[in-house]
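The values are calculated or read from the model by the stated rules, or taken from the named source; none is laboratory data. None of the values given here were measured: they were computed from a predicted structure. Cβ placement follows ideal geometry from the backbone for every residue including glycine, while neighbour counts extend to all protein chains displayed. Side chains are part of the model used for accessible areas, which takes the heavy atoms of the whole protein and leaves out ligands, DNA and RNA. Shrake-Rupley method; radii C 1.70, N 1.55, O 1.52, S 1.80 Å.
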Amino acid sequence: MGRLVRDPEVRYSQGEHSTAIARYTLAVERKFKREGEQTADFISCVCFGKSAEFAEKYFRQGLRITISGRIQTGSYTNKDGNKVYTTDVVVEEQEFAESKGSGSSGGGQSGGQQVNASKPNDDGFMNIPEGIDSELPFN
């Protein structure tokens with residue numbers, strides 16, 4: 001669980017059936033902090049398809065989310081000829097981790113529709129925001 005460092009960067013693959021690919025970085029607070037060490041880790045995340053489109057539409061800088069996925073490592077040679085090693089979390093699940101009223105300290109919220117969990121009704125269920133029906137895994 002962490003906060004988005006910036007808005008997700010989304011690209012689409014080439015070809016007949018293009019696929020959305022979203023990349024974002026989560027700032028994850030460390031529970032135990034030693035003096036002189038950083039207080040957060042910055043986790044690079046990548047997601048594909050519907051998950052990437054969802055991230056593009058609803059995720060904004062400063063928003064707190066939770067993810068689960070798998071670690072993927074790789075390497076490439078940069079333009080200077082140096083080998084660069086990468087570690088990413090390939091996101092399998094992602095969801096909001098704060099309610100709409102929580103407000104984020106990131107300040108990068110845009111004027112678009114924000115789809116965070118709202119307060120539960122008296123029956124314990126939350127209202128589903130307008131326009132999210134196509135994003136749900138069930139109908």
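Counting the residues of the stretch 33-47 that are in contact (Cβ under 8 Å) with a residue 40 or more places away in the chain and of a type in the set (A, V, I, L, M, F, W, C) gives 4. Can you work out which of the residues in the stretch 40-77 that are of a type in the set (Lys, Arg) and part of a helix (DSSP H, G or I) is surrounded by the most Cβ atoms within 10 Å (Cβ to Cβ)? Taking the candidates together, the pick is 57.
Of all the residues that make up the stretch 78-88, how many are among the hydroxyl-bearing types (Ser, Thr, Tyr) and loosely packed, with under 10 Cβ neighbours inside 10 Å? Residues that pass the stated criteria total 1.
In the stretch 78-90, which residue that is in a strand (DSSP E or B) and not acidic (Asp, Glu) is nearest to residue 47 (Cα to Cα)? Here the residue is 90. Of all residues in the stretch 1-39, those that are part of a strand (DSSP E or B), of a type in the set (A, V, I, L, M, F, W, C) and open to solvent by 100 Å² or more (accessible area, probe 1.4 Å) total 0.
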